[in-house]
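Below is one structure; the comments refer to it alone.
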Amino acid sequence: MGTRGPMPKRTESRQRRNAPERDVEKAAGADVVKQPPASRDWHPIAKRLWKAMGQSGQARFYEPSDWAVAYSLMDDLSHYKNGAKRSGQMLQTIMSALTGLMLTEGDRRRLQIELSRPSAEDDDDSKVVVMDKWRQRLG
């Protein structure tokens with residue numbers, strides 16, 4: 001689990017004044033990890049979250065046990081959403097468990113994992129090239 005307290009800054013915004021606290025233990029993970037199919041019985045929100053989990057960048061870090069925990073949480077979330085009486089404590093428990101699956105930017109930063117997209121500058125440069133090609137064609 002990550003650290004307590006405020007959400008850490010992104011790496012490029014940090015100024016490190018001390019060495020990391022400890023070395024990281026490493027072990028081989030599963031060879032190929034695939035997301036199991038969603039249950040047909042799940043609430044639509046749980047299905048949407050499950051699909052988003054599989055499409056997100058952090059999914060490459062998931063092991064079979066992570067998918068099993070996530071599957072169980074989607075079942076719990078469906079039970080909560082479909083229930084006639086909703087408990088705030090149950091929702092808090094589900095949300096707390098989801099934190100360990102790195103679903104939000106803050107969760108990932110606390111674990112020192114950052115996902116990045118291609119920069120907007122790269123997109124702008126490619127648009128300029130396309131416009132130049134069109135100008136050349138049109139004369």
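The values are calculated or read from the model by the stated rules, or taken from the named source; none is laboratory data. Fair warning: this is a prediction, and the values are worked out from it, not measured in the lab. Note: ideal-geometry Cβ built from the backbone for every residue, glycine included; neighbour counts use all protein chains shown.
Odds and ends about this structure:
- Complete set of residues in the range 91-114 that are loosely packed, with under 15 Cβ neighbours inside 10 Å and either closer than 24 Å to residue 40 by Cα or among the hydrophobic types (A, V, I, L, M, F, W, C) (or both): 91, 93, 95, 113
- Any hit, the range 64-72, residues being over 17 Å from residue 108 (Cα atoms), of a type in the set (S, T, N, Q), over 19 Å from the mean Cα position of the chain (by Cα) and part of a helix (DSSP H, G or I): no
- Just one residue in the set 54, 29 is part of a helix (DSSP H, G or I) and either out of contact with any Pro (no Cβ under 7 Å at 6 or more places or on another chain) or at pLDDT 75 or above (or both); that residue is 54.
- Single residue of the range 57-67 satisfying the filter (closer than 13 Å to residue 103 by Cβ and of a type in the set (A, V, I, L, M, F, W, C)) that is modelled with the lowest pLDDT: 61
- Residues that are part of a loop (DSSP other than H, G, I, E, B) and either over 27 Å from residue 58 (Cα atoms) or of a type in the set (Phe, Trp, Tyr) (or both), drawn from the range 79-100: 83, 84, 85, 86, 87
- Residue check, residue 42 of a type outside the set (S, T, N, Q), more than 20 Å from residue 29 (Cα to Cα) and at pLDDT 90 or above: yes
Conditions tested, residue by residue: (1) modelled with pLDDT of 80 or more; (2) over 22 Å from residue 48 (Cβ atoms); (3) among the acidic types (Asp, Glu).
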residue: 69; (1), (2), (3): yes, no, no
residue: 105; (1), (2), (3): yes, no, yes
residue: 117; (1), (2), (3): no, no, no
residue: 124; (1), (2), (3): no, yes, yes
residue: 137; (1), (2), (3): no, yes, no
